[in-house]
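K.L.:
Let me give you the structure first, and then I'll get to my questions.
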Amino acid sequence: MPVNRYIIGPIQELEESGKLTGILLVAATVLSLLLSNSNYGLSYLTIWKYEIGFSFLHKSILHWINDGLMPLFFLLVGIEIKREFTLGELSRIKQAVMPIGAAIGGILIPAIIFVLVNLQQPHHLAGWAIPTATDIAFSLGVLTLLGNRVPFSLKVFLVALAIIDDLGAIIIIAAFYTNELNFAMLLWAGIVFGILIILSRFRVRFSLLYFVGGAFLWFFILKSGIHPTIAGVLLALIIPRELAEEMEHTLTKPVSYIILPLFALANTAIPLSFSMDDGIINTLSLGIILGLLIGKPLGITGATMALKWLKLGSLPDGVSFRHLLGLGFIAGIGFTMSIFISTLSFENDSFVNLSKLAVIIGSVIAGIAGMIFLRCCPKTPPDSI
């Protein structure tokens, strides 16, 4: 399976930003955990609960980050999804079969493992989607650290797989983590979205109009009961390609180097004493850890090998079964998206914090396991791309 030249540049950009983003996320997580469990822990935790805003839009700082800033992250995700389906590995059915199958396996098997582990704990089952996600920047950054132990085609496969994974997470958030709908606000969101589609059809290139329209779309979707991150994805899908590329270049660094580390700081503010009474390892945390550590590689490898055996697709050039298994573990780095889904899964703060901690533990172990597997692979010659 040859490498699609349209996505070489974007993947190389992701690699470059992925390294620093990964370092910043790790640093933010470690710092947040240390502060949460220091003598200043109570003050630090209180910061994120402090409410700011207007009478019609009053939220805590944590909610402003998750509901206000993270839609920009989802806008970038939407742009990547759109590019993959129009120009990338997912634009041709024959090439798309393998990463789509692998992504579906990597979503289903972790969810099944989580549910099986928690069958006797129905109050935990709302977290079934937590171990289904893959952090594309983090996982690609880890692959980049391995240098020529990893063929470029494996990185392309990971990006295509992670794009489908992100699309799955977006569908899951929209379908399963939506509160009661306010149909009046949903109607207003539909009107704004329709206006944006008209602007796109007439090829209007004034980016400020899309940002303003996107802000109104975000507000109405937020008030409708659907999670506002969906607004970012919808905006990405309808803006013209030239503007999408412009927005991507404008937003990549602020999102990667400011918003995501800020998200990590706010969402990993976890006082470790919260779960000591019940124990950190219980069915909730175990389901998440096993889903990421075992479910991801099992689902991805199993689905890919099944498709190959059925002759419905072929492995990327230079990719062996060992590469595939290592990639499966690397895809178990759920981090950003898994932590985000954790915040949507439960109202109980103890469950939310325990889920986040399990995501961190599972992601770290999966990442280390993947690096060990791929480190044992023979070096690959420089790719002629």
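The values are calculated or read from the model by the stated rules, or taken from the named source; none is laboratory data. Since the structure is predicted, the reported quantities are computational estimates derived from the model, not experimental observations. In this analysis, Cβ positions are derived from the backbone assuming ideal geometry, glycine residues included, and neighbour counts consider all displayed protein chains. Accessible surface is based on the protein model in full, side chains and every heavy atom, while ligands, DNA and RNA are left aside. Shrake-Rupley method; radii C 1.70, N 1.55, O 1.52, S 1.80 Å.
K.L.:
Using only the Cα atoms of the chain, what do you get for the radius of gyration and for Dmax, in Å?
P.N.:
Over the chain's Cα set, Rg and Dmax evaluate to 20.4, 61 Å.
K.L.:
Still on this structure, I have one more. What is the extension gain from ILE112 to GLU347, computed as 0.36 nm multiplied by their sequence separation minus the C-alpha to C-alpha distance, in nm to one decimal?
P.N.:
Once the chain is fully extended between ILE112 and GLU347, it gains 82.4 nm.
K.L.:
Shifting gears a bit: Once Lys and Arg get +1 and Asp and Glu get -1 on their Cβ, which of LEU315, PHE85, VAL352 lies farthest toward the positive end of the dipole of the chain?
P.N.:
Value: LEU315.
K.L.:
Right, next: Leaving out ligands and nucleic acids, note down the accessible area per residue over the chain with a 1.4 angstrom probe, in whole Å².
P.N.:
45
K.L.:
Which is farthest toward the positive dipole end of region 221-349 among LEU327, PRO228, THR304, measuring Cα position about the Cα centre, with Cβ charges +1 (Lys, Arg) and -1 (Asp, Glu)?
P.N.:
THR304
K.L.:
Specify the residue with the greatest mean-square fluctuation among LEU327, LEU298, LEU45, computed from a Gaussian network of the chain linking alpha-carbon atoms under 10 Å apart.
P.N.:
LEU45
K.L.:
Okay, next question. Based on C-alpha coordinates, I'd like the Rg and Dmax of region 288-385, in Å.
P.N.:
Reported Rg and Dmax, both Å: 16.1, 52.
K.L.:
Top mean-square fluctuation among GLY328, GLY291, GLY232, Gaussian network model of the chain, C-alpha springs under 10 Å?
P.N.:
In the Gaussian network model the winner is GLY232.
K.L.:
Separate question: What percent do you get for the relative contact order of the chain when only Cα pairs under 8 Å and 6+ apart count?
P.N.:
Answer for the chain is 30 percent.
K.L.:
Here's something else I'd like to know. Would you kindly find the accessible area of VAL212, with a 1.4 Å probe and non-protein molecules such as ligands, DNA and RNA excluded, rounding to the nearest 10 Å²?
P.N.:
70
K.L.:
Still on this model: Of the accessible area of the chain, with the probe set at 1.4 angstrom, what percent is carbon plus sulfur?
P.N.:
69
K.L.:
Can you tell me the Rg and the Dmax, both Å, for the Cα atoms in region 93-218?
P.N.:
Cα radius of gyration and Dmax of region 93-218 are 19.4, 55 Å respectively.
K.L.:
Under the rule of -39500 (n - 2.57) per DSSP H run of 4 or more residues, summed and divided by the residues of the chain, what mean residue ellipticity at 222 nm is obtained, to the nearest 500 deg cm²/dmol?
P.N.:
-22000 deg cm²/dmol
K.L.:
Follow-up. Would you list the membrane-span-like helices of the chain, meaning whole DSSP H runs whose alpha-carbon atoms span at least 27 Å along their axis and whose mean Kyte-Doolittle value is at least -1.0?
P.N.:
Helices meeting the span and hydropathy rule in the chain are 8-36, 93-117, 152-176, 349-375.
K.L.:
Let me ask you something else. How long is the gain from LEU187 to THR46 if the chain were fully straight, where each residue apart is worth 0.36 nm and the alpha carbon distance is subtracted?
P.N.:
Net length gain for the segment: 47.1 nm.
K.L.:
Give, rounded to the nearest 20 debye, the magnitude of the charge dipole that region 35-96 has about its Cα centre when Lys and Arg contribute +1 at Cβ and Asp and Glu contribute -1 at Cβ.
P.N.:
The calculation lands at about 180 debye.
K.L.:
With charges only on Cβ, +1 for K and R and -1 for D and E, what is the dipole size of the chain about its Cα centre, in debye, rounded to 20?
P.N.:
880
K.L.:
Could you state how much accessible area HIS63 has, in square angstrom rounded to the nearest 10, with a 1.4 Å probe and all protein chains kept in place?
P.N.:
Only protein atoms counted, so the area is about 90 Å².
K.L.:
For the charge dipole of the chain, defined by +1 on Lys and Arg C-beta atoms and -1 on Asp and Glu C-beta atoms about the Cα centroid, which residue among VAL97, PHE263, PRO240 has the Cα displaced farthest towards the positive pole?
P.N.:
So the residue we want is VAL97.
K.L.:
Let me ask something additional. Below 8 Å, C-alpha to C-alpha, sequence gap of six or more: please give me the relative contact order for region 154-261 in percent.
P.N.:
Contact order relative to length: 30 percent.
K.L.:
What whole-number value in cubic angstrom gives the convex hull volume per residue for the C-alpha atoms of region 35-134?
P.N.:
In region 35-134, the Cα hull volume divided by residue count equals 179 Å³.
K.L.:
What ranking of ILE171, ILE339, ILE100 comes out by heavy-atom accessible area, probe 1.4 Å, highest first?
P.N.:
ILE171, ILE100, ILE339
K.L.:
Still on this model: Rank these residues by their accessible area, most exposed first, probe 1.4 Å: SER55, SER43.
P.N.:
Final ranking, largest accessible area leading: SER55, SER43.
K.L.:
Counting only protein chains, not ligands or nucleic acids, how are GLU51, GLU347 ordered by accessible area (probe 1.4 Å), most first?
P.N.:
Per-residue accessible area, sorted high to low, gives GLU347, GLU51.
K.L.:
So, one more: Connecting C-alpha atoms closer than 10 Å in a GNM of the chain, tell me which of LEU324, LEU237, LEU357 has the biggest fluctuation.
P.N.:
Of the options given, LEU237 has the highest mean-square fluctuation.
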